[in-house]
Amino acid sequence: MSDAPTDTAFDVPAGLPIEVLVVDDDPNVARINAAYVTKVPGFRVAGTARTAADALLFLRTHPVDLVLLDHYLPDESGLSLLKRLRGHGVEAEVIMVTAARDTATVRAAQRHGALQYIVKPFTFAHLRGKLDGYAALRHTLARAPVAGATQETVDRIFGAAAAPPAAETLPKGHSVLTADLVREVLCSARSALSAQEVAARCGLSRQTAQRYLKLLEGAGLVRRRLRHGETGRPVHLYYWTGPAS
């Protein structure tokens, strides 16, 4: 962790929860979103706000890591607030959570630094996928040296914490974070890896690694080939063929 940058929302001591501010003018929606966040391991709701002014005041006095930001607020738009945050010294990352689905708003949110964009209504699985992807990105950045980011790390930053496959498509008993960890290991490998090698690099059992490799292969993100040795059985090797981010 000591090699990571010290001035971004991604730099957080290991073991501490990821602090989240939920901003929505509807108190019922805010309560539901906060409950969703609380259900995701490693995340904690630091507070809620119903207006842009309340959100900005909270962020000035209670630094958080992540903001779930609605676009339709009573005093100013969430997009307008997003544009102003950095000018007020707020380093928190932002995920837009809104019913606004027009392309202009989505593109503007991207231009002004939104990490992700979730269109209402959405499922808990969809939000969890975004949060797990964000947590995985933090994990990657925490291990990256300040002066020597690899292309993989750069791709992860500009890929906005994408975590294939999507949370909604994962079979029961599979974790988005684990799938993303396997993806990260395969993407960073210089050559194809066996299931045992993937397991060792991910800190998983061989059986678990094989389950996720099979899942990713079925999604068209991983390919498999055989390596024939001089003795013994041939070994299946896996390599990533999906998007780098």
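The values are calculated or read from the model by the stated rules, or taken from the named source; none is laboratory data. Just so you know, these numbers come straight off a predicted model, no measurement behind them. Heads up, the Cβs are rebuilt from the backbone with ideal geometry, glycines too, and the neighbour counts pull from every protein chain shown. Areas reflect the complete protein model, heavy atoms only, side chains present, ligands, DNA and RNA absent. Shrake-Rupley method; radii C 1.70, N 1.55, O 1.52, S 1.80 Å.
Numerical summary
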{"item": "For segment 66-73, 3J(HN,Hα) per residue [Karplus equation, 6.51 cos²θ - 1.76 cosθ + 1.60, θ = phi - 60°, Hz, x = Gly/Pro]", "result": "9, 10, 8, 10, 6, 8, 8, 10"}
{"item": "Charged-residue dipole, Cβ positions (Lys, Arg, Asp, Glu), segment 34-98 about Cα centre, Debye nearest 20", "result": "80 debye"}
{"item": "Accessible-area order (highest first, 1.4 angstrom probe) of the listed residues GLU76, GLU197", "result": "GLU197, GLU76"}
{"item": "LEU193 accessible area, assembled protein chains, probe 1.4 Å, Å²", "result": "10 Å²"}
{"item": "Computed accessible area, ARG107, all protein chains, 1.4 angstrom probe, square angstrom", "result": "110 Å²"}
{"item": "Relative contact order of segment 192-242, defined on C-alpha pairs under 8 angstrom at six or more residues apart (%)", "result": "37 percent"}
{"item": "Among the listed pairs LYS39/LYS130; LYS83/LYS130; LYS120/LYS214, those beyond 24 Å (Cα-Cα)", "result": "LYS120/LYS214"}
{"item": "Karplus (6.51, -1.76, 1.60) ³J(HN,Hα), θ = phi - 60°, over segment 45-54, in Hz, Gly and Pro reported as x", "result": "7, 7, x, 10, 9, 9, 10, 5, 4, 5"}
{"item": "Where labels lie 7 Å past Cα in the beta-carbon direction, separation of ASP102 and VAL119 in nm", "result": "1.4 nm"}
{"item": "Karplus-derived 3J(HN,Hα), 6.51/-1.76/1.60, for each residue of segment 23-40, Hz, glycine and proline x", "result": "10, 7, 6, 8, x, 5, 5, 4, 5, 5, 4, 5, 5, 4, 4, 4, 6, 8"}
{"item": "Segment HIS139-THR51, extension gain: residue separation times 0.36 nm, minus the distance between their alpha carbons", "result": "28.5 nm"}
{"item": "Amide H contacts of GLU76 (H built 1.01 Å from N, under 5 Å, at least 5 apart or other chain)", "result": "ALA52"}
